[in-house]
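Let me begin by presenting the structure, written as structure tokens, before commenting on it.
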Amino acid sequence: MDIQQKVLFVDAGTGFYRLAKYPVGDFFGPVDLGLHLTGRFNSLNIGVGLLAGSILPGSNRLVFTGWSPCWGGFYVSSMGGAGLVFENLGVNMLSLVGRASTPSVLILNRQHGEEVDVALEPLDLPRVWASGRPGFYGLLDYVHERYSPRYSRPPRILAVGPASAATDFGAIGSVPLDGNGRLTHVDTWAGRGGFGSRLLGEHNIAAVIYGGTVVDEDFRDRKVADDWFQVRYQKRLAAKDFEATTKYRFDPKLSTGGTLGVNFATLGGAMLSFNYRSVRMTEDERVALHRSLVLDHYLQQFNEETIAAKQQHTCGEPCAAVCKKMRDEFKKDYEPYETMGPQCGIFDQRAAERLTHHADALGFDAISVGGVLSWVMECLHERLRSPADVGVEDVPVFDPSSFRVVEDSDRNAALGVAILDSIVSKRFNLAQGPRRRARRLARVKGRAVLDSFVHTAFARKGWMVPNQYWTPGALAPMPIMGKYYMYYGPDFLPPRQLGRMNAARMVEELALDNLGICRFHRGWAEDMGAEIVEALYGRGKEFVGKVKMTASRINSRNSSVFWEAGRNAELVQAFLTRRRDVGGVDRPELHEWIARFEKDGREAALDFWYEMHKGTHESLLEF
Ligand code: SF4
């Protein structure tokens, strides 16, 4: 019997909806099906993988696909745990088209085997954002209070904040509900790609509440799963998963856990700070800065307040990784606490909490907005922009040599909050995205304004603040950047080889996204994904083929543009010399690239970029 994926199409303009079915085999999950629907209907697609609701840990991600307003191309973003409740709707995907005439809440409810009940209700969005808890949190409260009583089991809510109305990089956020149906503080975000701006801007939907009582025949046979894992790892599923997620829970070797704890404990001289200007320091200076400001303060606070106190939760699905590290209402991940931490000259948890929580309340993609803030701060520090130009009254403390960890972090956080407010009120207008803004400013003020905005560029105005690892892979010309569709290891690879490796990583990560599996479980999920599809659907080989074809199709629209920011090239050059001088790498290719950068930096950067591009393109051909 053919197994079908069910897609609920909703036209936000008319309220009409219909159900369509797509056989497993033609499509395997939210990414390949989402790509297809985006191409046909230009829809925003929200769906789960085939393994949602199963006993496999991490299998309940909610995956968003569609045209990204900030990247300017097809994008994939995902949110932990939100697929578990979505599954109770008895559909695999929601596909949104059309635009409501007024900002609205989309209500999806399915009770006791009936059809999905679809309703759109208008709301006074500015008032909701401004009353009670601010922004995104206020909207969560509003929707929860009004609509959750309609559900017999706890629903889940997706919501946006004011950033989605003011910029192209608003996120979609959610929190799991606790056992009593109350909202928790454990924020989960589909941040990258700006799908909040898309949801609100294109469809005029500010929030979606969904839930139901459908119980599918999901895979729940633990003995069978244990047998699969015994064959491959000589361990049961739970034991292998526990081992594979050590970093995210607690790493006894480092006495810390979570992405924030483990990364800040191990970065040393590779830590980026002060809008990437740390790459200009000596290694000794970077190591000293990391020790005094991070190991001895920023990380120490985190370890005492969060790790020792065991303030940790899951995203909403049962998961031994408990990766959501908290301090009261503040959820802490590495990348937001890096871009709105050291990159903004903030090395104190109170200051970082204040800024990141404000960015979350406004509903920004936290990584991207941190990159924008650190860029603006450098422009202020270098007097390339005046405070009045960006609608604020202060300048940052951006000199690491005399930095006072608490006072100066606090001042920079206060400035960051003021810049965020200026962005959403459009005093500092980023409605068309910061890349376009930087380019325009550069025409008047000179290249330095654009050079210091580190981003990857796509087509005419697409942009993405890179993942926070000092490695050329984070700046690669891939068709989707800002997530881990690239190789971000710290070792040196010649760029052509790096491009191939990026392509291979994209295929692996795409497979996880297409199964709706959390990448923190990749320690087994990458090995086992196809095997599980084979065991449950008899189509493991087809699944692998489909993922590769999907990667090549996404890459066929790869409009990556050579680095517009001069600092991108500077990061790569400094990475190469650091590999030689600190890493002790003695490879002829490395020496050759260093010499080329020293001779003509721009030409070398262009060649390096194109070599990566070649490696990706030669790897992602359809035939
Ligand atoms: S690792 Fe974290 S995000 Fe992933 S499933 Fe577990 S709790 Fe959720």
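The values are calculated or read from the model by the stated rules, or taken from the named source; none is laboratory data. Given the structure is predicted, the values throughout are model-derived calculations rather than measurements. Methodologically, a virtual Cβ is constructed for each residue, glycine included, from the backbone with ideal geometry; neighbour enumeration extends over all protein chains shown. Note: accessible area is taken over every heavy atom of the protein model, side chains too, but ligands, DNA and RNA are not part of it. Shrake-Rupley method; radii C 1.70, N 1.55, O 1.52, S 1.80 Å.
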Listed highest first by mean packing, meaning other Cβ atoms within 10 Å per residue, what order do 604-612, 291-299, 363-371 come in?
363-371, 604-612, 291-299
For the chain, report the % of Cα-Cα distances exceeding 45 Å.
13 percent
PRE zone check, label point 7 Å out along Cα-to-Cβ of residue 556, amide N under 15 Å, scope segment 71-111, hits 74
Points 7 angstrom from Cα along the Cβ direction at residue 218 and residue 310: gap in nanometres?
2.6 nm
Computed E for residue 394/residue 226 - FRET, C-beta separation, R0 45 angstrom, nearest 0.05:
0.15
Of all accessible surface on segment 73-132 at a 1.4 Å probe, what whole percent is carbon and sulfur?
50 percent
Projected onto the charge dipole of the chain (unit charges on the beta-carbon of Lys, Arg, Asp and Glu, signs +1, +1, -1, -1), the Cα from 339, 147, 616 with the largest positive-side position is that of 616
Report the Cα-based extents of segment 1-149 along its three principal axes, largest first, to the nearest Å.
50, 37, 30
Taking a cut-off of 25 Å, what percent of all Cα-Cα pairs in segment 179-306 are separated by more than that?
60 percent
In whole angstrom, and with the biggest value first, how far do the Cα coordinates of segment 1-45 range along each principal axis?
35, 20, 13
Report, to the nearest whole %, how much of the accessible area of segment 536-582 belongs to carbon and sulfur atoms, 1.4 Å probe, protein only.
48 percent
So if each residue of separation counts as 0.36 nm, and I subtract the Cα-Cα distance between residue 180 and residue 19, what length gain in nm does that give?
54.7 nm
P(r) histogram, all alpha-carbon pairs of segment 332-447 included - 10 Å bins from 0, percent
15, 50, 30, 5
Among 52, 219, 473 the positive-end extreme of the charge dipole of the chain (Cβ point charges)
473
Report, in debye and to the nearest 20, how large the dipole of segment 503-623 comes out about its Cα centre when Lys and Arg carry +1 and Asp and Glu carry -1 on their Cβ.
220 debye
Sort largest first and round to whole Å: the equivalent ellipsoid semi-axes of segment 53-102, each the square root of five times a Cα gyration tensor eigenvalue.
24, 16, 8
Can you report the principal axis dimensions of segment 535-604 using only the alpha carbons, biggest first, rounded to whole angstrom?
54, 30, 17
Translational diffusion of segment 101-207, µm² s⁻¹ [Kirkwood Rh, Cα pairs; Stokes-Einstein; 4 °C; 1.567 mPa s]:
92 µm²/s
Quick one: if the Förster radius is 22 Å, what FRET efficiency do residue 382 and residue 402 give, using the C-beta to C-beta distance and rounding to 0.05?
0.80
How much space per residue, in cubic angstrom, does the convex hull of the C-alpha atoms of segment 479-623 take up?
124 Å³
With a 10 Å radius around each residue's Cβ, average the other Cβ atoms per peptide and rank 136-142, 597-603, 203-209, highest first.
203-209, 136-142, 597-603
Quick one: length gained pulling residue 589 to residue 251 fully straight, 0.36 nm per residue minus the C-alpha distance?
118.1 nm
In segment 14-71, which chymotrypsin sites (Phe, Trp or Tyr not before Pro) fall in coil by DSSP and have 14 or fewer other Cβ atoms within 10 Å?
16
Accessible area (Å², per residue) of the chain, counting only protein heavy atoms and a probe of 1.4 Å:
37 Å²
Per the helix-only calculation at 222 nm, which mean residue ellipticity applies to the chain, given -39500 (n - 2.57) for every DSSP H run of n ≥ 4 and division by its residues, nearest 500 deg cm²/dmol?
-13000 deg cm²/dmol
Qualifying trypsin sites (Lys or Arg not before Pro) for segment 241-284 [loop in DSSP, other Cβ within 10 Å: at most 15]:
253
Total charge dipole magnitude, segment 438-576, about the Cα centre, Cβ charges on Lys, Arg, Asp, Glu only, Debye to nearest 20:
860 debye
Pairs from 235/325; 310/332; 21/541; 21/548; 461/548 whose Cα-Cα separation, in the structure shown, is over 18 Å
235/325; 21/541; 21/548; 461/548
With charges set only on the Cβ (+1 for Lys and Arg, -1 for Asp and Glu), what does the dipole of segment 142-299 come to about its Cα centre, in debye to the nearest 20?
160 debye
Apply 1/(1 + (r/R0)^6) to the Cβ-Cβ distance of residue 459 and residue 242, taking R0 = 45 Å, and write down the FRET efficiency to the nearest 0.05.
0.55
Run through segment 421-511 and list the trypsin sites (Lys or Arg not before Pro) located in a DSSP loop whose Cβ has at most 15 other Cβ atoms within 10 Å.
426, 427, 447, 460
